[in-house]
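Report on one structure; see the data block that follows.
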């Protein structure tokens, strides 16, 4: 991959989009992870106003530290970048306290609460985006958004534009290196940060991003029984996740009314 050309292309695309949309700039939620670091840097490179929000909810200290490091790096290097820290912990706790939960399993409760964190952040991004006329800029990559649906519906999946959604996770790392993203972020184990602990994306999905990228490249033509060992296991994981998340990957189904009924 020609990282220089890809960066130039995305920055140009962002500039053209924001100008055609007659918006003022970009807003990005930063988490201390590689995707949000790359996207916020690409937005900053447009020269347009770019607001980065740090929105901790019972966040692990190492995640908060990496996020703060990245924001400081952005503000040193790009005068068009500004930042806010909106601690949503008490808001989340109050919401959780108000829920009456008695007829669900512990797993489904914890999963729903994790998704609630993401949706609170989306709401916050759109609040400040609306105030300033900024586009909410997505941080999902190709394997997350279109392979295994590893995002929260109407959470981190609720965005105006997706500048890296045609790039695999490994390609995002290549961009990070070219952009000079702080080393601690480049070396950090990928995590969505929605659980209040250090569980990784691999812990949740059961496979690494390179493994899932391989599965995404073959799954239309191959079935698990075409392989053995770890490859068979990974393809089974990919197929299961892909099928289970079609409601996120595909557009919302619309019930089309026959013309003769109208």
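Readers should treat all values here as calculations from the given coordinates under stated rules, not as data from a laboratory. The shown structure was predicted, so the numbers you read here are calculated from the model rather than taken from an experiment. Note that each Cβ is placed from the backbone with ideal geometry, even for glycine, and that neighbours are counted across all protein chains shown.
Taking 20 °C and 1.002 mPa s as conditions, the stretch 21-63 diffuses translationally at an estimated 190 µm²/s according to Stokes-Einstein applied to its Kirkwood radius (Cα pairs).
Taking 0.36 nm per intervening residue step and subtracting the Cα-Cα distance, what contour gain separates residue 183 from residue 199 on full extension? Intermediate values should be presented prior to the final figure.
Numbers: separation 16, 0.36 × 16 = 5.76 nm, distance 2.04 nm.
That pair, residue 183 and residue 199, stretches by 3.7 nm at full extension.
The Rg/Rh ratio for the stretch 206-252 is 0.99, where Rg is the radius of gyration of the alpha carbons and Rh is the Kirkwood radius.
Averaging the Cα positions of each part gives two centres, and for the stretch 199-262 and the stretch 122-170 these lie 19 Å apart.
Note on residue 233 and residue 99: their simple-model spin labels are 3.2 nm apart, each label 7 Å out from Cα toward Cβ. The tail of the calculated P(r) for the stretch 79-118, taken as Cα-Cα distances beyond 17 Å, holds 45 percent of the pairs. The Cα atoms of the stretch 44-132 cover 51, 30, 19 Å along the three principal axes, with the biggest extent listed first.
Quick check on the chain: helices-only [θ] at 222 nm, where DSSP H runs of length 4 and up contribute -39,500 (n - 2.57) each and the sum goes over total residues. Nearest 500, please.
-16000 deg cm²/dmol
Each of (i) 29, 19, 19; (ii) 36, 23, 18; (iii) 28, 24, 22 is a candidate for semi-axes √(5λ) of the Cα gyration tensor in Å; the one calculated from this structure is (iii).
Given just the C-alpha atoms of the stretch 135-262, how large is their convex hull per residue in cubic angstrom? Present the calculation step by step, with values, prior to reporting the outcome.
Values: hull volume 21.0 nm³, N = 128.
Per-residue hull volume (Cα only) is 164 Å³.
Extension gain for residue 131 to residue 62 (0.36 nm times residue separation, less C-alpha to C-alpha distance): 21.8 nm.
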